[in-house]
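What follows is a short report on a single structure.
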Amino acid sequence: MSVNNDTLKKLQMPLTLKWLVRGLKPDNIKPTEMTIVAYVDARQVQDRLDDVIGADKWQDDYFESKGKQFCRIGIKVGPEWIWKGDSGIETLMDASKGETSDAFKRAAVHWGINRDTYELGEVTIKCKVVGELPVPIDEKGNQLSGQKLLAECKRIVALRDSDLKFAKNVLPFKSAINTEVKKPKSTRRKIVEPLP
């Protein structure tokens, strides 16, 4: 099987998402909101590449640059290897392994794998306690999972996309309105000396 544009588009098909709860608000006893992030693991990405591209038509390569772990994924398109890559960040569980896995998954995003959900980032969603665990809910109080949870997260993200974001070098910024108190001009005359 040769890799072509149609094959590469199949990489973008949705993967089954996993969800990580990053925090509960206002507290862990009676939370009303939870902050969650959708993710896939490296094995899911590897399986997608094997299933769509073929195990013999992709490879990954790791290297370190400026203290960061990088991964690039090469896919053989015709006679050529095309490479796309990214760096990873350490995880709380296992710093170096997490950084390597993150670099691999981020490189896969450049090929379209999990791109639509990767861009969600963290989402704060309503929740309620069922049994002893908090679960995400919609605005009517219905428990969410699977595609319904993803759809609600995308709706929430669409609402927040209008928020302003400032680069670190922008703040503090000067107001467009000048708030400085101007000193009154001196009433003393300046004596001008004649030129020699």
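For I82, are the conditions met, namely being free of Cβ contacts under 8 Å to residues at least 40 places away in the same chain and assigned to a loop (DSSP other than H, G, I, E, B)?
no
Every residue, every condition in (1) farther than 20 Å from K9 by Cβ; (2) open to solvent by 40 Å² or more (accessible area, probe 1.4 Å), yes or no:
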position	(1), (2)
Q46	no, yes
Y62	yes, yes
S65	yes, yes
R72	yes, yes
E80	no, yes
G85	yes, no
F104	yes, no
A107	no, no
H110	no, yes
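Going by the conditions given, is I53 open to solvent by 80 Å² or more (accessible area, probe 1.4 Å) and either hydrophobic (A, V, I, L, M, F, W, C) or at pLDDT below 90 (or both)? Before the answer, list the steps.
Values: open to solvent by 80 Å² or more (accessible area, probe 1.4 Å): no; either hydrophobic (A, V, I, L, M, F, W, C) or at pLDDT below 90 (or both): yes.
In short, no.
Looking for something farther than 29 Å from Q143 by Cα, among the β-branched types (V, I, T) and in contact with a His (Cβ under 9 Å, 6 or more places away or on another chain) - is there at least one such residue anywhere in segment 67-76?
Yes - at least one qualifying residue is present in segment 67-76.
Name the residue that is nearest to R43 (Cα to Cα), counting only residues in segment 116-147 that are of a type in the set (K, R) and open to solvent by 90 Å² or more (accessible area, probe 1.4 Å).
The selected residue is K126.
For M34, work out the one condition from (1) in contact with a Pro (Cβ under 8 Å, 6 or more places away or on another chain); (2) free of Cβ contacts under 8 Å to residues at least 24 places away in the same chain; (3) hydrophobic (A, V, I, L, M, F, W, C) it doesn't fulfil.
Tallying (1) in contact with a Pro (Cβ under 8 Å, 6 or more places away or on another chain); (2) free of Cβ contacts under 8 Å to residues at least 24 places away in the same chain; (3) hydrophobic (A, V, I, L, M, F, W, C), M34 fails exactly one: (2).
The values are calculated or read from the model by the stated rules, or taken from the named source; none is laboratory data. Source: prediction; values computed, not measured. Quick reminder, even Gly has a Cβ in these numbers, built from the backbone with ideal geometry, and neighbours come from all protein chains shown. The protein model used for the area step is the full one, side chains on, heavy atoms only, and it has no ligands, DNA or RNA in it. Shrake-Rupley method; radii C 1.70, N 1.55, O 1.52, S 1.80 Å.
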